[in-house]
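The values are calculated or read from the model by the stated rules, or taken from the named source; none is laboratory data. Model, not experiment: these values are computed from the prediction. Every residue, glycine among them, receives a Cβ derived from its backbone with ideal geometry; neighbour counts consider all protein chains shown. Surface accessibility is based on the protein's heavy atoms, side chains included, excluding ligands, DNA and RNA. Shrake-Rupley method; radii C 1.70, N 1.55, O 1.52, S 1.80 Å.
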Amino acid sequence: AVRLYGGTQKGGDYMMTLRAMQDYANTIGDLGNLEQKAKILQGILAEASKCCGKNSELTAKVLSDLATTVGGLGDIKQQVALLERSLEVQTSKEYKHDSVLLAGTLGNLACAYGRTGDFTKKVKLLQKAYSI
C-alpha cells in the first residue's frame, strides 16, 4: 500500500493524499474486507509518522482507525495498544487538542478494556470521556 503514495514528501498535498487513502481504507472496511483495510492503514500510519510526525493529528486518527479495525478482527490486545498510543499522541504537548477525537478515543478504549474484562478501567475511561 505504501507504494500508492509515491514516496515520502512533505506538505499539505501529501497530507491530503494520505487522508484520501484513509477514506479509501475505511470504504474497503465498510465493504467487509477488514484485513485489507488493516494493511492499507498500516501503510498510511508508517507514512503519516514519517511525513507528519509521530505526534501529529493524522497519526492519531490513523492509529484510532487501525485500532478499531484490529479490534474488529478480534485482536483486542493490539486494539488496546493502538488506542493507548493514539491517546498518548492526543495528549502530547505538540498535538492541537481535538476534544471530539479525544472523547471518541477514550470511549473506544473503554470498550476495548471492557472486552478484556477490566471493567474498573472501562468505567474510569468512560467518566473521563464524559467530562470532556
Pairwise FRET efficiency - Ala81 versus Ser131, Cβ, R0 = 30 Å, nearest 0.05:
0.80
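Would you work out what percent of the accessible area of region 60-132, with all protein chains in place, is carbon or sulfur (probe 1.4 Å)?
On the way: 2220 of 4040 Å².
In region 60-132, the share of accessible area belonging to carbon and sulfur is 55 percent.
Rounded, prolate or oblate: which fits region 19-132 when a ≥ b ≥ c are the square roots of the eigenvalues of the alpha-carbon gyration tensor, with rounded for a/c under 1.5 and prolate only if a/b beats b/c?
Working: a/c = 2.03, a/b = 1.19, b/c = 1.70.
Oblate, because a/c is 1.5 or more while a/b does not exceed b/c.
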For the chain the mean separation of alpha carbon contacts under 8 Å (6+ apart) over residue count, i.e. relative contact order in percent, is 17
The chain accessible area per residue, 1.4 Å probe, protein heavy atoms, integer Å², reads 56
With +1 at each Lys and Arg Cβ and -1 at each Asp and Glu Cβ, the charge dipole magnitude of the chain around its Cα centre, to the nearest 20 debye, comes out at 300
Run the quick spin-label model on Lys124 and Asp30: label points 7 Å from Cα toward the beta carbon, then report their separation in nm to one decimal.
3.7
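Select from region 24-132 those trypsin sites (Lys or Arg not before Pro) which occupy a DSSP coil region and have at most 13 other Cβ atoms within 10 Å, ordered by residue number.
Working: sites: Lys37, Lys39, Lys50, Lys54, Lys61, Lys77, Arg85, Lys93, Lys96, Arg115, Lys121, Lys122, Lys124, Lys128; in loops: Lys54, Lys93, Lys96.
Here the trypsin sites (Lys or Arg not before Pro) that fit, given the DSSP loop and packing criteria, are Lys93, Lys96.
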